[in-house]
Each structure stands twice: as structure tokens, then as C-alpha cells.
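To start, the structure itself, in C-alpha cells.
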Amino acid sequence: MNSQIDRELSLLSAVNERRLSIVELRRVLRWRTESLQSCVQSLTDQGFLRVGKDSTGRGRPRNMVTATPLGMCFLRRISELDRLRLRLRDADIRKTLRQAKRTQELAELGRSPYETFWELTELAWNLRRAKEDS
């Protein structure tokens with residue numbers, strides 16, 4: 001997975017159930033302030049986070065970060081996808097590697113793998129029709 005996406009997911013999960021200030025987030029996630037603020041800005045622009053002021057009565061108001069309903073829904077969906085298991089057999093992996101090797105060989109010979117695929121598909125359909133006609 002992309003490291004930016006990983007960072008955004010960890011930030012979103014940190015504020016999923018509670019409001020945290022930027023300082024608290026920095027302490028929880030152990031990130032530099034600049035990278036934290038750029039990630040918060042990115043998720044806010046996407047509609048996953050909301051940043052609001054919280055006045056405690058003394059000092060300057062803190063920027064509090066919370067997840068929006070869209071952000072919570074996104075995080076739930078991502079966790080559901082993480083629970084899905086990809087079922088691959090060794091034979092599937094070997095077949096994919098063979099196909100990738102053949103595709104690379106075709107490209108080295110100057111043939112378009114896409115055009116070759118369509119030629120083979122057309123040949124298979126013609127053979128099937130010929131068999132059905134006879």
C-alpha cells in the first residue's frame with residue numbers, strides 16, 4: 001500500500017472515536033508537525049476530517065480534529081476489506097508468472113500483447129463456430 005494512504009488511515013483511525021488536538025495527535029502518532037498538518041489538510045479537503053476551534057477559557061483556542069461520518073464510514077469499509085482474504089493457489093501464481101513472461105517476450109519481439117490476445121480470441125471463436133456448424 002502507498003505510504004501516504006497508510007499515514008492517512010492511521011490518522012483517521014486515531015480520530016475515529018474521539019476529538020484530538022493537533023498537539024495530542026502529534027503525541028499519539030509521533031509525527032512531525034508539518035507532515036501531520038499536511039495530512040490533516042488533505043483529509044479535510046477530501047471530507048474525511050473536520051477541524052474546529054475549541055476554547056478552554058484560557059490561552060489560545062486549540063484546533064480539534066474529528067472524523068466526519070464519511071470518514072468513519074470509509075474507515076469501516078477499509079477494515080472490512082482488510083478482513084477479506086485473497087485466496088491464491090501456487091498454481092495461480094505460476095500461471096500468472098508464465099503469462100507475464102509471455103507478455104514480456106511478445107513486447108520484446110515488437111508485437112502488441114493486446115492485439116495478439118484479440119487475434120487468439122478471434123481464432124478460438126472461429127474454431128468454436130466451425131465445430132458447432134459441423
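Only the coordinates and a few stated rules stand behind these numbers; no lab work does. Just so we're clear, the structure is a prediction, and the values are computed from it rather than from any experiment. Note: ideal-geometry Cβ built from the backbone for every residue, glycine included; neighbour counts use all protein chains shown.
Here are some notes:
- The dipole here belongs to the chain: it is taken about the Cα centre, uses +1 on the Cβ of Lys and Arg and -1 on the Cβ of Asp and Glu, and is about 840 debye.
- This model, with +1 at the C-beta of Lys and Arg and -1 at the C-beta of Asp and Glu, gives the stretch 46-94 a dipole about its Cα centre of some 180 debye.
- Extent along principal axes [Cα atoms of the stretch 3-83; Å; largest to smallest]: 45, 25, 21
- Normalised by the number of residues in the chain, the average gap of Cα pairs under 8 Å and 6 or more apart makes the relative contact order 20 percent.
- Inter-part distance where the stretch 46-100 and the stretch 11-28 are each reduced to a Cα centre, Å: 14 Å
- Charge tally in the Cβ shell below 14 Å around Glu24, where Lys, Arg are +1 and Asp, Glu are -1, Glu24 excluded: +4
- Rounded to the nearest 500, the helix-only mean residue ellipticity at 222 nm of the chain stands at -21500 deg cm²/dmol, with each DSSP H run of n ≥ 4 adding -39,500 (n - 2.57).
- Along the stretch 8-16 the Karplus relation, 6.51 cos²θ - 1.76 cosθ + 1.60 evaluated at θ = phi - 60°, assigns HN-Hα couplings of 5, 5, 5, 5, 5, 6, 5, 9, 4 Hz to successive residues, with x for each Gly and Pro.
- Shape call, the stretch 90-133: gyration tensor on alpha carbons, a/c limit 1.5: oblate
- Amide H within-cut-off set for Leu20, under 5 Å, with H built and near neighbours excluded: Val65
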